[in-house]
Amino acid sequence: MTHRHNLQVALLRSAQLQCGGHGASLAAAAAAAVARHLRCPLGTNLHSSSSYSTSSGGSSAAAQGSSDASPTQPTSSTTQSSKATSSDGVFQESCKLAGKTWTFETGRLARLAHGSCLVTVGGTSVLSTAVVDPNPQREADGVPLQVEYRERLSAAGKLPSRPDRRERGSSDRELLAGRLVDRALRPLLAPGHLYDTQVWCQVLSADGSIDPEVVAINAASAALLLAGNVPFSHPIGAVRAAERGKHVLINPSVAAGAEPAVSLSLTFAGSMTKATAIEATAKQVSNAAFIKAMRHASTATGPLIRAQLALAAAAGGSSSSRTAGAAAAQILQQQAALPLLWPSQRLQQAVQQLAERPLQQLFSQQQQQQQQGAAAAAAAGPDKGARAAALTRIKNQLLADLRKTGVLPDQHTLLPAAAAAAAGMEAEADALRAFDMLQSRVMRQQLLQGDCRVDGRQPQQLRPISCQAGPLSRCVHGSGLFSRGETQSLATATVGHNRDLGQVETLFSRAGSSSSRLYLHYAFPPFSVGELGKAGQPNRREIGHGNLARSSLLGLMPAEDDFPFSVRVTADTLSSSGSSSMAAVCAGSLALRAAGVPMHGMAAGISVGLVTAMPPQLQGPGAGHECASWQQQQQQQQQQQQGGQAGVPAGGSSSDVAGYSWYVTQGAGTLQQQSASAAAAASTAEDEQQQQKEDALAGDSSSSSDESGSDSSSSSSSSSDDEQPSSSAGGLLRSSYGAALLLTDIQGIEDHHGDMDFKVAGTAQGITAVQLDTKLPGVDLSLLAAALQPAAAARQQLLAAMAAAAGIYEAGLDPEQAPQAGGLQIMKELVPRLIGPQGSTLLDIEEACSASLIVDDTGAVTIYAPTQLQYEHAVAAVEEVEGRGLQAGHIYRVKVLRVVDFGAYVALPNGLPALLHISELSHSKIKEVREVVTEGDELDVLCKGRDAKGFVRLSRKDLLKNPEGGGSGLGAAEAAASAMAAAAAGSGGSRGGSSSSSGSGDRAGGSGVRKGGGHPRALTWQPPRQQQQQQQQQQQQQDE
């Protein structure tokens, strides 16, 4: 009996339970976890009874021991569940979405993890696990969540380039996928959950039918739902939407999503009316197209969420036995596992009394200056350093006052935490957390009351903008400097050959292929925020910001046929006060413009923030501090304008998401989940309407795109009322969390204390990249749609300033110093000659001219040079190598490099070897070439044009006397005239012989010359170097 009791107590650490005031989590999954570890079935009646009451103050029915309700069954035909329960406790649930069957499975793999789920879609399988450390981390800044995403090449049946080495570390793709899973799940964990939580996503197999990172988000959501000790608010679904033409594809294959016809690729994580994470890459799409794809993606999450909920119910067992259910419910009633760590109400009240007024004065300082007429100070605003110093002084004074009043222990007294708690004292970490929460409340209160922002700006006002194109010297291909407020970014652009790019090995890339023609490396050194730090490898944040900035510019790259070069952009953040990634987009666009890359326009990025009246992260126990006067005004406005919503508590709002409703009650100040099982009968009509929308997503892949495209108009019209949230006085919007206000161009403090960071980048024509980060357990889609409008307006202002800066730079640039790209056509037979042995000739030209050359098999040569002069030198070098300077009928002095059996290789005036065939050495027949010439001899030869393969035809005998003729041979003028006539007629005396022998001999001779070492590797002409030497000599003469 004692052993069983200890087991039950240990299982409390894996039971899912919320503390009061934070929104109750799924008691069904908690009871299922307990029953699973006890190896006893849990009745479905318990799962149904654990549904939360629809009343705002209702408690969990599982805690009340009620077991009368019936289980909720999926109603949509798109979710075709098939429960498979075996003796070893394996449970499966499946659903169909866009022609693909999704299977969620638990109980077979990773049994020792607190929560595990294997999701299989076609031939792609991803295993996700969740493990929680029960030891609290009170010093943690936010929820200590760690997400790891791993994919090995073996998942796609591939070997790495070095099979003898293991895949160590994380690739950029793995880090980016892990960041996406993290951003999708982190808002769903209770803010007071200060326990190290690790989610591990492992790609077991991947066939390319779907991107594994999309599957990983769903698997991680299910793993957290099944974990017994994680306060996970609700499951989410993740899909990828791709717009191709007028159709929206849901979860296309990797190959289909990468087609050039795809204008928008959007990864959506959330529910049917809310989003927790969004990442999108587009080709200048409109706001309406983005909203359309977002709403299609949100609708497609319904089957995935219902499948996860059904899996949690299935894992609880289907037996009618109520003994195990009653035991599990009793355990959950008696103790709370992993309680949420929130500052006590006493501590919050003390912090509010001591620090609220100083914070109000600090945050309203700029508005007071504007009211006093200090225009200059108002324009500048309190900088980040001064504000941080003021906050530090307020914090230090607060801690000192709390110690004087006995709320905190004396810092000079070493008092254990247990003794301090027993004495009624609080922890300093809790005091700092309460101080941070108070800052957020004060800032929200002032903004929602209509006051200015902390730096004196209006909600839609941008910070001062300063930009410059080409601030660095011309030895850098292109550079750009962009400043917005105190955020400053310096970018450089370098154009090079695609052979300079490293080979990237991923699941879906070909061996030896490069992943992109555009690379953007973002750097965030510690001095950018006035801190010390060590130099090392880029962290996840830098890689993520660099990928976002690259996605913003990638859709503007010219076609590879027009510009076959690769570009690397480096963006260094010199100072940061928020939105440094969007500053990198602007600086990178200026650098590409200065480098002469023919982009399809300039791109700019802006970040839109959000503050709401009642965010869940501030609604802890006793944390109901809000502006009462504003609440009263808002309630009056709602009653006058809208008269309230039926079925919603006064002052609150609701939104249905995949069978759940979130009710926000201003009086209680809490976010409570409400199960929709009790209201299933009343919402049958709504479910049928939603089912019709989802039926379009349940067909095969081909029909899915057609149905999505055909349904787009009806879907847009049906949801047009929801695209724009209703407004109230003062420009406030209504949301699921009370009144809301959008902020354009947020800075660091607004990002930290706000609810959303919605980054939007694009051109004057449309959007190129979008990323959503939020602290809310889901941002209303209507708010996101509304945020696109101020983002577009701000983008126009930024593009105007950037275009002006680029125009000034280009107007003052010497045409000869301007970058230039172009090309010429040579005979395809001369491509090996231009490339040279092991590419030596091409490398010599690039080094001498500081240019980049790309040669294809057809003879097309594309050239990029930082200046027009270098471009002209490169063109001349190619023409010299081709031999355009050698004219038929002209006599040239050559030097014998090497003697072979069929002739002699001579060095032309341009330094390249050419074959003087044995038949062109003398009129008489010779047995040995050395009878006529040897290495090192210099002789005159006549150019007779080119043969059919483009090789130069040389002759010595045409300049000699013909002994058989009995008289003097052809003179120079006659020989030249004869050679020119032969070249014009396309025939020659020895054309047939020299054609075959020189064609094969020249290639053989090329390797032979390299082996013999007689041919100098460097070219004889060096125009840029000669010019530099002349400039140096002139400079020395001036100095003397």
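Odds and ends about this structure:
- Number of the condition not met by I543 [criteria: (1) in a helix (DSSP H, G or I); (2) touching a Ser or Thr at 6+ places or on another chain (Cβ under 9 Å); (3) of a type outside the set (D, E, K, R); (4) under 30 Å from Q789 (Cα atoms)]: (2)
- Conditions (1) modelled with pLDDT of 80 or more; (2) under 46 Å from the mean Cα position of the chain (by Cα): number failed by A421: (1)
- Some residue of the stretch 952-961 being at pLDDT below 80 and either of a type outside the set (D, E, K, R) or in a loop (DSSP other than H, G, I, E, B) (or both): yes
- Search result, residues across the stretch 738-754 that are part of a loop (DSSP other than H, G, I, E, B) and closer than 17 Å to Q449 by Cβ: G754
- Single match in L180, L127 (criterion: at pLDDT 95 or above, of a type outside the set (F, W, Y) and either under 21 Å from the mean Cα position of the chain (by Cα) or within 30 Å of F435 (Cβ to Cβ) (or both)): L180
- In the stretch 98-123, the residue that is surrounded by the fewest Cβ atoms within 10 Å (Cβ to Cβ) out of those that are over 30 Å from H296 (Cβ atoms) and not small (G, A, S) is L112.
- Count - residues of the stretch 170-190 that are farther than 19 Å from A223 by Cβ and buried (at least 23 other Cβ atoms within 10 Å of the Cβ): 0
- Number of the condition not met by F527 [criteria: (1) aromatic (F, W, Y); (2) surrounded by 16 or more Cβ atoms within 10 Å (Cβ to Cβ); (3) at pLDDT 90 or above]: (2)
- Looking only at residues of the stretch 243-259 that are part of a strand (DSSP E or B) and surrounded by fewer than 24 Cβ atoms within 10 Å (Cβ to Cβ), we find that the one that is nearest to the chain's Cα centre (by Cα) is R244.
- Number of positions in the stretch 465-481 that are in a loop (DSSP other than H, G, I, E, B) and either outside the structural domain of A794 (by TED's automatic domain parsing) or among the hydrophobic types (A, V, I, L, M, F, W, C) (or both): 3
- When the residues of the stretch 260-280 are filtered to those that are more than 29 Å from S233 (Cα to Cα) and either assigned to a strand (DSSP E or B) or of a type outside the set (G, A, S) (or both), the one that is modelled with the lowest pLDDT is P260.
- Picking from residues in the stretch 784-815 that are free of Cβ contacts under 8 Å to residues at least 24 places away in the same chain and hydrophobic (A, V, I, L, M, F, W, C), the one that is surrounded by the fewest Cβ atoms within 10 Å (Cβ to Cβ) is A811.
- Residue within the stretch 876-898 that is in a strand (DSSP E or B), over 14 Å from R956 (Cα atoms) and at pLDDT 85 or above present: yes
- Close Cβ contacts (under 8 Å, 6 or more residues apart or on different chains) running from residues in the stretch 465-483 that are buried (at least 23 other Cβ atoms within 10 Å of the Cβ) to residues that are of a type in the set (F, W, Y) comprise C467/F482; A469/Y809; G470/Y809.
- Hey, V147 outside any loop (DSSP other than H, G, I, E, B), within 18 Å of C117 (Cα to Cα) and in the same structural domain as E93 (by TED's automatic domain parsing) or not: yes
- Any hit, the stretch 228-239, residues being of a type in the set (F, W, Y) and in contact (Cβ under 8 Å) with a residue 60 or more places away in the chain: yes
Each row is one residue, and each column tells you yes or no for (1) closer than 20 Å to L180 by Cα; (2) of a type in the set (A, V, I, L, M, F, W, C); (3) touching an Asp or Glu at 6+ places or on another chain (Cβ under 6 Å).
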site: L226; (1), (2), (3): no, yes, no
site: S263; (1), (2), (3): no, no, yes
site: S286; (1), (2), (3): no, no, no
site: R295; (1), (2), (3): yes, no, no
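- Boolean, L204 is over 30 Å from W342 (Cβ atoms), surrounded by fewer than 21 Cβ atoms within 10 Å (Cβ to Cβ), touching a strand residue (DSSP E or B) at 6+ places or on another chain (Cβ under 7 Å) and not basic (K, R): yes
- Test: residue in the stretch 894-903 that is touching a residue at least 12 places away in the same chain (Cβ under 8 Å), within 20 Å of E880 (Cβ to Cβ) and surrounded by 18 or more Cβ atoms within 10 Å (Cβ to Cβ): yes
- Single residue of L408, L462 found to be at pLDDT below 90 and not in a helix (DSSP H, G or I): L408
- Residue in the stretch 767-778 that is surrounded by fewer than 23 Cβ atoms within 10 Å (Cβ to Cβ), part of a helix (DSSP H, G or I) and acidic (D, E) present: no
The values are calculated or read from the model by the stated rules, or taken from the named source; none is laboratory data. Since we're looking at a predicted model, the values are computed, not measured. Quick reminder, even Gly has a Cβ in these numbers, built from the backbone with ideal geometry, and neighbours come from all protein chains shown.
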